[in-house]
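Structure record follows, encoded as structure tokens.
The values are calculated or read from the model by the stated rules, or taken from the named source; none is laboratory data. Model, not experiment: these values are computed from the prediction. All Cβ positions, glycine included, derive from the backbone under ideal geometry; neighbour counts span all protein chains shown. In case anyone asks, the SASA skips ligands and DNA or RNA and just uses the protein heavy atoms, side chains included. Shrake-Rupley method; radii C 1.70, N 1.55, O 1.52, S 1.80 Å.
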Amino acid sequence: MTIQWFPGHMAKARREVTEKLKLIDVVIELVDARVPLSSRNPMIDEIVTNKPRLILLNKADMADPALTEKWVSYFEGKQFKVLSIDSQSGRGVEKISAASKELASALLDKLKAKGMKPRAIRCLILGIPNVGKSTLINRLAKKKIAQTGDRPGITKKQQWIKVGKDMELLDTPGILWPKFEDQTIGFRLAVTGAIKDEILDFQDVAVFALRYLKDVYPERLKERYKLTDIPDDVIELFDEIGRKRGCLLSGGYIDYDKAAELILRELRSGKLGRLTFEQP
Ligand code: G4P
């Protein structure tokens, strides 16, 4: 898997984020609750030093609730403050301001000791593309500020958005990339739709998803595709789903493109229930 723009863009993104970090008190790192580690930038701890950090497991509405709980404990165990949220519906978003204030308590105490007035906590939303940064900024701002689907490199004047009386948010998020070189990470991100389907082979992504579902969520597969048994061999499983759902070419051969498209579409739109593709 090679992505031509990776090294140059990565360095530029890192520079841009480092510049933004100078302005802020608390970093809000957004990850995808379905793939909480794969949707992080591997160098984040190196880039974000000496700033309190709030981790948000976003899109929790699509993730397996039991595993989201485990992920919350996992990050808490690493001494992070963490919340599970849905930026789209707004669930959990109201807790962000108080959590940020709590994280900045040392800073507020310092201001107070110097006889200065307490001020709003300045925050930056940081995360990989597609994790929901713009949706969250709009949700916190209670209006449309960020263009969803914004790409890095498009610079505009940065502004602060007031969130209640205790928090100010930079209106442009920090964007860092995940680690594409690792195949499994790439597949996890492709399954959840975080990276475009052109980057990885569609059928390979579907096979990856089926292999995981077969092991972790066999009942969901049985129910959705009316299977009595799950074949051991993943290709047989692929065939069976293709046959059941009429993804066929002339001569009765399985149309793998069509079957892969169907499986991924159904999975991403929640037809197989709430799924998490990575376990702590
Ligand atoms: P980004 O700025 O980090 O790149 O992400 P963005 O906000 O553009 O969100 C990427 C996609 O994820 C959007 O869907 C958005 O609606 C969706 N999304 C964001 N937060 C949540 C969430 O908490 N739950 C769910 N289920 N989805 C979320 P899209 O397909 O690009 O657009 P659309 O379907 O909203 O039109």
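Points to keep in mind about this one:
- Region 59-73 residues that are within 14 Å of the ligand (Cβ to nearest atom), paired with ones that are open to solvent by 70 Å² or more (accessible area, probe 1.4 Å) and among the hydroxyl-bearing types (Ser, Thr, Tyr) (beta carbon under 7 Å, 6 or more apart): 61/89
- Qualifying residue in region 97-120 (condition: within 15 Å of the chain's Cα centre (by Cα) and not charged (D, E, K, R)): no
- Restricted to region 20-120, the set of strands (runs of 3 or more DSSP E) holding at least 1 residues that are closer than 25 Å to residue 183 by Cβ comprises 26-32, 53-58.
- Hits in region 262-280 (condition: open to solvent by less than 70 Å² (accessible area, probe 1.4 Å) and touching a residue at least 24 places away in the same chain (Cβ under 8 Å)): 263, 264, 266, 267, 268, 270, 272, 273, 275, 276, 277, 278
- Test: residue in region 138-151 that is within 16 Å of the ligand (Cβ to nearest atom), out of contact with any strand residue (DSSP E or B) (no Cβ under 9 Å at 6 or more places or on another chain) and modelled with pLDDT of 90 or more: yes
- Scanning region 36-58 for residues being touching a Pro at 6+ places or on another chain (Cβ under 9 Å) and within 14 Å of the ligand (Cβ to nearest atom) gives a total of 5.
Per-residue answers, yes or no, for (1) modelled with pLDDT of 95 or more; (2) under 18 Å from residue 276 (Cβ atoms):
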position: 190; (1), (2): no, yes
position: 194; (1), (2): no, yes
position: 211; (1), (2): yes, yes
position: 219; (1), (2): yes, yes
position: 222; (1), (2): yes, no
position: 226; (1), (2): yes, no
position: 230; (1), (2): yes, no
position: 234; (1), (2): yes, no
position: 241; (1), (2): yes, no
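- Within region 200-208, none of the residues are on the phi > 0 side of the Ramachandran plot and modelled with pLDDT under 95.
- Odd one out for residue 23 among (1) of a type in the set (A, V, I, L, M); (2) in contact with a Cys (Cβ under 6 Å, 6 or more places away or on another chain); (3) open to solvent by 70 Å² or more (accessible area, probe 1.4 Å): (2)
- Considering region 248-274, and only residues there that are in contact with a Lys or Arg (Cβ under 9 Å, 6 or more places away or on another chain) and farther than 21 Å from residue 200 by Cα, the residue that is farthest from the ligand (Cβ to nearest atom) turns out to be 252.
- As a summary of the residue check, residue 194 satisfies the conditions (1) within 16 Å of the ligand (Cβ to nearest atom); (2) surrounded by fewer than 16 Cβ atoms within 10 Å (Cβ to Cβ) except for the one numbered (2).
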